[in-house]
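Accompanying notes for the structure given below.
Every number here is computed from the coordinates shown, using simple stated rules; none is lab data. Bear in mind that the values here come from a model prediction, so they are computed numbers and not experimental data. Counting neighbours? That spans all protein chains shown, and the Cβs are built from the backbone with ideal geometry, glycine included.
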There are 2 protein chains.
Amino acid sequence: MGPHVKTDMKPYFKKIAILGVGLIGGSLAIDCRKKKLAGSIAGFGRNEGNLKKAVSLGVIDAYDLKVEKVVDGADLVVLAVPVGSYLKTVKAFLPRLSPDAIVTDVGSVKEKVVKELEPLLGGRKFVPAHPVAGREKSGVEAALPDLFKGARCILTPTDNTDPASLEKIKNLWKEVGAVVSCLSPAEHDEVLGMVSHLPHLIAFALVNTVLGMAEKKENLISYSGGGFRDFTRIGASSPEMWKDIFLTNRENMLSHIEKYEAVLGRLKKYILDRDEAGLLREFEKSKKIRGSLN
Amino acid sequence: MGPHVKTDMKPYFKKIAILGVGLIGGSLAIDCRKKKLAGSIAGFGRNEGNLKKAVSLGVIDAYDLKVEKVVDGADLVVLAVPVGSYLKTVKAFLPRLSPDAIVTDVGSVKEKVVKELEPLLGGRKFVPAHPVAGREKSGVEAALPDLFKGARCILTPTDNTDPASLEKIKNLWKEVGAVVSCLSPAEHDEVLGMVSHLPHLIAFALVNTVLGMAEKKENLISYSGGGFRDFTRIGASSPEMWKDIFLTNRENMLSHIEKYEAVLGRLKKYILDRDEAGLLREFEKSKKIRGSLN
């Protein structure tokens with residue numbers, strides 16, 4: 001491959017507008033600068049302290065508390081605010097969105113988002129995306145270079161998605177190291193509801209069960225070396241973000257929780273019945289998964 | 001402190017019998033050798049291949065498939081087989097146990113163990129112990145030096161426990177780096193049932209829920225970067241060991257599972273009712289715990 005092929009592949013934007021300069025938006029901005037994918041990067045957010053920090057850390061070039069000013073002149077707009085704030089945010093910047101600009105997002109839920117944003121954005125270029133990367137910390141200070149290296153980025157195009165824009169966003173995520181794949185919005189939400197959203201809900205539930213008991217037993221938490229500690233990382237994730245994810249992916253969540261309750265109920269029944277064979281059978285099953293992950 | 005004080009503190013055994021040369025038993029043997037706490041270390045187990053490996057790795061000096069031969073002449077006997085095999089194991093070696101030997105264990109459940117072993121051991125010296133350390137791997141190949149460094153070791157003495165033996169076992173665990181504390185057997189089981197056994201059960205349940213869905217969706221597991229992966233480490237723990245733990249700590253497990261089901265049910269209700277404030281309140285609560293762990 002000659003160098004002109006590489007130039008074709010590597011996307012370039014005159015101005016990227018990052019709406020929500022937190023863990024994901026900030027990390028993407030850092031990589032776009034490092035890889036020289038943008039002429040300039042502007043940030044929008046609600047928290048001016050966070051935006052100032054983002055400028056002083058060199059994550060973004062400039063910021064504004066008015067989203068329409070940040071979007072003005074941008075050829076790429078990245079929605080990285082909590083999913084529950086998408087509609088309000090898009091409505092606010094839409095009148096100033098350049099007709100050629102690509103709008104993309106990084107949200108963890110896709111079906112409802114696509115259903116609401118596609119009609120609102122009309123004929124504009126919208127490429128729904130979900131980089132599957134996260135840490136328990138939030139805010140621009142949690143942003144890292146290479147956060148997406150080796151991580152999955154799932155794009156969920158529809159019949160309305162402009163193929164050239166899809167290609168460009170695909171290349172953007174490839175450039176920052178992500179492994180890109182495509183799913184339908186509905187399939188994305190069902191799959192991620194199971195392997196990401198349900199584990200988070202379960203961790204929140206466990207942490208709060210332990211906290212409930214800790215109110216009566218002061219020293220309880222100090223014994224948490226044996227298994228519980230692994231859950232507290234997840235349990236410390238952003239409350240607002242997860243509230244939005246669970247409510248936006250509501251139907252899948254309700255159905256997945258019921259599947260989980262049935263399995264837990266089965267284990268409980270085996271313990272109640274002192275059914276050694278039943279428990280062994282279940283645990284042998286879960287042991288197998290570890291190998292299949294590598 | 002003069003050096004003679006240190007000599008007083010450091011326990012020494014002519015012969016340690018490690019019954020069950022797996023992750024915990026093997027790691028303890030490694031540290032006892034390294035710290036010169038034993039004249040010799042002999043191992044018992046069911047799997048001769050594992051015992052041969054233990055000798056060739058230098059973890060133990062010798063082994064036998066007959067437990068009474070391993071215990072013969074030992075002044076410290078460490079029960080490190082699954083909790084469900086304690087009774088059978090003790091009955092087998094008891095006729096050959098030296099009257100002055102200390103028997104201790106490393107099991108994750110204490111109340112039922114103490115209730116059954118104290119009468120069986122009669123006037124012998126028995127110090128129930130639980131080093132809270134673990135990995136998802138098992139067998140002697142998983143054993144590591146310094147596995148207990150900084151980990152908790154909980155002793156659960158009763159009115160029948162010989163004070164000098166308790167002191168000696170306390171010092172043994174201190175020597176290998178553990179932070180030693182005491183709880184009553186009943187309190188141990190209630191506390192560990194919550195912060196260790198319940199998280200493991202929940203992880204097993206989640207892994208099997210995901211596997212249930214994966215039977216229909218082939219590529220499901222490949223999307224597991226986002227939260228699920230953390231659970232699979234726990235889900236890969238020893239099935240036999242955990243089956244024994246859940247059944248031996250049965251009453252606490254049933255009561256803790258019910259507490260957990262109530263919290264999960266509350267979260268589900270909030271999702272069903274689209275109760276943003278309810279979810280936020282729950283997640284803000286669980287976020288606080290992370291700070292209190294450090």
Within region A:199-233: backbone nitrogen closer than 13 Å to the residue A:255 label point (7 Å, Cα to C-beta): none
Percent relative contact order for chain A, counting Cα pairs under 8 Å at least six residues apart, stands at 16
Compute the FRET efficiency between residue B:35 and residue A:272 as 1/(1 + (r/R0)^6), taking r as their Cβ-Cβ distance and R0 = 35 Å, and round to the nearest 0.05. 0.20
Using only Cα atoms and rounding to the nearest 10 degrees, what angle (0 to 90) does helix B:250-272 make with the longest principal axis of chain B? 20
As an exercise, find the ratio Rg/Rh for region B:187-293 from alpha-carbon atoms, using the Kirkwood inverse-distance average for Rh. 1.00
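How many Cβ atoms of partner chains, on average, are near each residue of B:186-195 if near means within 10 Å of its Cβ?
Working: counts 0, 2, 1, 0, 3, 7, 6, 1, 11, 16.
Mean inter-chain Cβ contacts per residue within 10 Å come to 5.
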Projected onto the charge dipole of chain B (unit charges on the beta-carbon of Lys, Arg, Asp and Glu, signs +1, +1, -1, -1), the Cα from B:164, B:236, B:102 with the largest positive-side position is that of B:236
Shielding score for B:254-260, defined as the mean number of other chain Cβ atoms within 10 Å: 4
Alpha carbon centroid spacing (whole Å) that separates region B:244-283 from region A:197-231: 11
What are the label-to-label distances in nm, one decimal and shortest first, from residue B:96 to the same spot in the other copies, with labels 7 Å along Cα to Cβ? 8.4
State whether region A:3-184 is rounded, prolate or oblate according to the following rule on the C-alpha gyration tensor (a ≥ b ≥ c being the square roots of its eigenvalues): a/c under 1.5 gives rounded; otherwise a/b larger than b/c gives prolate, and the remaining case gives oblate. rounded
Choose one of A:42, B:86, B:56: the residue whose Cα lies farthest towards the positive end of the charge dipole of the protein assembly as shown (beta-carbon charges +1 Lys, Arg; -1 Asp, Glu; about the Cα centre). B:56
I need the inter-copy label distances for residue A:281: point set 7 Å along Cα to C-beta, values in nm with one decimal, smallest first. 4.2
Per residue of region B:157-162, what does 6.51 cos²θ - 1.76 cosθ + 1.60 with θ = phi - 60° give for ³J(HN,Hα)? Whole Hz please, x for Gly and Pro, Karplus curve as stated. x, 10, 4, 8, 6, 5
Tell me the label-point distance for the pair residue B:262, residue B:160, using the 7 Å Cα-to-Cβ offset, in nm and rounded to one decimal. 3.5
Cα long-axis angle, helix B:276-293 against chain B (0 to 90 degrees, to the nearest 10): 20
Once both label points are put 7 Å beyond Cα along the C-beta direction, the residue A:68-residue A:46 separation in nm becomes 2.0
Label model pair residue B:222, residue A:87: point-to-point distance (7 angstrom along the Cα→beta-carbon line) in nm is 3.5
quick note, chain A, DSSP beta bridge pairs, % antiparallel (nearest 5) is 15
DSSP bridge pairs, the protein assembly as shown: antiparallel proportion in percent, nearest 5: 15
Placing a label point 7 Å from Cα toward Cβ, how far apart in nm is residue B:215 from its equivalents in the other copies, listed shortest first to one decimal? 4.0
